[in-house]
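Chemist: Pasting in a structure now, in structure tokens, and then I'll have a few things to ask.
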Amino acid sequence: MRVGEPAVYAERAGYDKMWHPGCFVCCNCSELLVDMIYFWKKGKLYCGRHYGDSEKPRCGGCDELIFSNEYTQAEGQNWHLKHFCCFECDCILAGETYVMENDKPVCQPCYMKSYAVKCSSCQNPVEPEAQRVSYGDFHWHADPQCFKCSGCSKCLVGQRFMAVKNLLVCSVECKKKVTA
């Protein structure tokens, strides 16, 4: 700094610290802090938002600081317990099984009702944690009752198969049987 230049003196930083007005900024976001409330921590300037972030976690739902000792962590974020909830029905998901659908948390009952694919064989929804086989727009439970040859009922899990319309077959012979 040169003599005669305007300077910002920050009392919290100590008597020997001064900044050009344009340099008095938050170390995280570069927000200009002249005429603002600022914070000084470990030799750095912070705006109110980023100082708060350095002290307490921020909720991914409401974007407010979490002051409670009870909160949940999910999907790489911290959440107030009441804010980590199902996007469909608002039930609280902390400690519960949920599925991410379109980047939104959904409880298992809502997932089954609104998002689960239907098994092409039994027509029941395929649970999110269940093993499944998908081929194009068709989905099956990966078990002998659902993923089987339409000609001879042989289980096709781990086997080669052919799709004929919406039917599965294990061989040319079975293909002839189901298309006859």
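Chemist: Just give me the residues in the range 97-131 being part of a helix (DSSP H, G or I) and among the small types (G, A, S), in sequence order. Walk me through it before giving the result.
Modeler: Of the range 97-131, the ones part of a helix (DSSP H, G or I) are 108-114.
Within the range 97-131, just S114 meets the criteria.
Chemist: Answer with yes or no whether R49 is at pLDDT below 85 and either in a helix (DSSP H, G or I) or in contact with a Leu (Cβ under 7 Å, 6 or more places away or on another chain) (or both).
Modeler: So R49 does not fit the description; no.
Chemist: Continuing with this model, one more query. Only one of (1) closer than 30 Å to K176 by Cβ; (2) buried (at least 17 other Cβ atoms within 10 Å of the Cβ); (3) small (G, A, S) fails for A116. Which number is that?
Modeler: Only one criterion is unmet by A116, namely (1).
Chemist: Continuing with the same structure: Count, please, the residues in the range 135-168 that happen to be part of a loop (DSSP other than H, G, I, E, B), surrounded by 14 or more Cβ atoms within 10 Å (Cβ to Cβ) and not charged (D, E, K, R).
Modeler: Count: 9.
Chemist: When the residues of the range 52-78 are filtered to those that are of a type in the set (D, E, K, R) and farther than 21 Å from C29 by Cα, which remaining residue is surrounded by the most Cβ atoms within 10 Å (Cβ to Cβ)?
Modeler: Within the range 52-78, the subset of a type in the set (D, E, K, R) is 53, 55-56, 58, 63-64, 70, 75.
Filter once more, so that each one left must be farther than 21 Å from C29 by Cα: 70, 75.
Numbers: E70: 8, E75: 12.
Step by step, filter the range 52-78, then rank; the result is E75.
Chemist: Let me ask you something else. Return the only residue of Y15, Y51, Y46 being touching a Ser or Thr at 6+ places or on another chain (Cβ under 9 Å) and outside the structural domain of G95 (by TED's automatic domain parsing).
Modeler: Y46 is the lone residue from the list that is touching a Ser or Thr at 6+ places or on another chain (Cβ under 9 Å) and outside the structural domain of G95 (by TED's automatic domain parsing).
Chemist: V117 is checked against (1) under 20 Å from H141 (Cα atoms); (2) without any contact (Cβ under 8 Å) to a residue 12 or more places away in the chain and fails just one. What number does that condition carry?
Modeler: (2)
Chemist: Now a separate question. Would you call R132 exposed (fewer than 12 other Cβ atoms within 10 Å of the Cβ) and not hydrophobic (A, V, I, L, M, F, W, C)?
Modeler: Details: exposed (fewer than 12 other Cβ atoms within 10 Å of the Cβ): no; not hydrophobic (A, V, I, L, M, F, W, C): yes.
No: the conditions fail for R132.
The values are calculated or read from the model by the stated rules, or taken from the named source; none is laboratory data. Here the structure is a predicted model, which is why all the values come from computation and not from measurement. Neighbour counts are summed over all protein chains in view; Cβ atoms, including those assigned to glycine, are modelled from backbone coordinates with ideal geometry.
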